[in-house]
1. Considering only the range 221-238, I want to know if a residue exists there that is within 21 Å of the chain's Cα centre (by Cα), among the charged types (D, E, K, R), part of a strand (DSSP E or B) and under 24 Å from LEU291 (Cβ atoms).
2. Does any residue of the range 192-205 turn out to be assigned to a helix (DSSP H, G or I), closer than 27 Å to PRO104 by Cα and open to solvent by 10 Å² or more (accessible area, probe 1.4 Å)?
3. Just to be sure, is VAL13 within 16 Å of the ligand (Cβ to nearest atom) and part of a loop (DSSP other than H, G, I, E, B)?
4. What residue, of GLN219, GLN234, is among the polar types (S, T, N, Q), buried (at least 18 other Cβ atoms within 10 Å of the Cβ) and away from the ligand (no atom under 16 Å from the Cβ)?
5. List every residue pair whose Cβ atoms sit under 9 Å apart, with the two residues 6 or more apart in sequence or on different chains, where the first one lies in the range 77-96 and is over 15 Å from VAL138 (Cβ atoms) and the second, anywhere, is at pLDDT below 90 and surrounded by fewer than 15 Cβ atoms within 10 Å (Cβ to Cβ).
6. I'd like to verify a number: residues in the range 164-188 that are closer than 23 Å to SER105 by Cα and among the acidic types (Asp, Glu), how many?
7. Filtering the range 48-72 down to residues that are away from the ligand (no atom under 16 Å from the Cβ) and either at pLDDT 95 or above or over 19 Å from the mean Cα position of the chain (by Cα) (or both), which residue is farthest from ALA351 (Cα to Cα)?
8. Which residues, taken from the range 342-363, are in contact with a Gly (Cβ under 9 Å, 6 or more places away or on another chain) and of a type in the set (A, V, I, L, M, F, W, C)?
Amino acid sequence: MTSTPVPPVACRVCAAEVQEFLDLGTGHPISQHFPRPQDTPTPQTYRLAVGFCVECTMVQLIDDVPREHLFTTDYPFTSSDSVVVSDYFRDLAGQLLDTELRGPSPFMIEIGCNDGTLLAPIAAAGVRHVGFEPSANVAEKARRAGVTVRPAFFDSAVVDELLESEGPATVLFSSYVISGITELGSLFTTVAALLAADGVFIFEDAYLGDVVQDRAFDQIYDEHVYLFSAHSVQAAAERHALELVDAQRISVRGGGMRYTLAHPGRRLPTRAVRELLNEETDRALNDPTTLMRFADDVRQIKHDLVATLERLRAEGRKVVGYGATAKGATVLQYCDIGPDLIEYVVDSTPAKQGHVTPAKQLPIRPPSAFAADPPDYAVLFAWFHATEIITREKDFAARGGRWLVYVPEVHVR
Ligand code: ZN
């Protein structure tokens, strides 16, 4: 059998050639679309494969996912569902109020404000703000939390009107949204147009360095068109009249990076930026060889996970999943894990319960089902909330249940 060479695709940021290094297969569903059991599976599937740009180093999906399919009116994830995430945003709001938002008449914009967990304390402090949130049901939650919210996508169409009504933004902020915006160049241009002379654009996202180190291949899914590094963010910023001036590691959602961009020359880049760039160079993070090795490791995880689940089935063990996450969709589809290997998936989000997972249609049940009929093993799809979940479900381990984790390698804990 001969394989057809993959034709090069153009980088979304700089139009140079993107070389594919990991193919996670076809048939991937929209990761946050949770059908009901009686629904026919969504026909909108796509191929999930990742490549890196030979010019600007940006790691990105090869195939496009139409964004109107991504964020629907019944988007099930809200920030306040996780206590850890809620606490994190409350702390961050306090920090912003004490620093960037301290000047006269500050104005803050959040791109993808979700249920307003971050903006609610900003609103309570009397700071002018607006949150953009395309999912109508989630935007309504933000509105009820006292946040000024627009149930819309943030794009260039808002620039003139916002500058007219509110003036330039002191802070533009976004958490785990920017990497899902296909037109990254257009977004940066829009941000630069809205940003006050001394303002900052702060965004948080999964970090390529963590993904490679943890072999967290499940960070690759439709909402992550890009996996950023300091190098690729700096290169993208420079192309669009912005400058990377700070980079800080963050611990929520499995880890990530908080990048701060400003107008060029307005802020001195911090030592953290230099250190992170040097670290990435030392690790050869943007070297194709490193990414190829990562791809080999991912294929090994698939092999080991499937072999483990098949062995447990042969031994008559009851295995379920924990966390009906977007990341889990990548794992189920790529590893071809169906209800024969994992009976059901537990999730504490009521909107997901009674529905099925987007990939492989596994039933989603509440944690009470898990407690009532404990399995022998639970695959921890929500590994990024591991501490929170394992503490909450301590009875499971006390009764002899074991957690099966697949990053950075398949192991039982
Ligand atoms: Zn590029």
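1. So far as the range 221-238 goes, no, none of its residues is within 21 Å of the chain's Cα centre (by Cα), among the charged types (D, E, K, R), part of a strand (DSSP E or B) and under 24 Å from LEU291 (Cβ atoms).
2. Checked against the condition, which is being assigned to a helix (DSSP H, G or I), closer than 27 Å to PRO104 by Cα and open to solvent by 10 Å² or more (accessible area, probe 1.4 Å), the range 192-205 yields at least one hit.
3. Numbers: within 16 Å of the ligand (Cβ to nearest atom): yes; part of a loop (DSSP other than H, G, I, E, B): yes.
So VAL13 fits the description; yes.
4. Values: GLN234 fails: away from the ligand (no atom under 16 Å from the Cβ).
The conditions single out GLN219.
5. Note: pairs meeting the criteria are VAL83/GLU388; VAL84/SER251; VAL84/THR387; VAL84/GLU388; TYR88/SER251.
6. Counting residues in the range 164-188 that are closer than 23 Å to SER105 by Cα and among the acidic types (Asp, Glu) gives 2.
7. ALA49
8. Selection gives ILE342, VAL345, VAL346, ALA359, LEU362.
The values are calculated or read from the model by the stated rules, or taken from the named source; none is laboratory data. A quick note: this is a predicted structure, and the numbers were derived from the prediction, not measured. When we count neighbours, we look across all protein chains shown, and the Cβ atoms used for this are built from the backbone with ideal geometry, even at glycine. Surface accessibility is based on the protein's heavy atoms, side chains included, excluding ligands, DNA and RNA. Shrake-Rupley method; radii C 1.70, N 1.55, O 1.52, S 1.80 Å.
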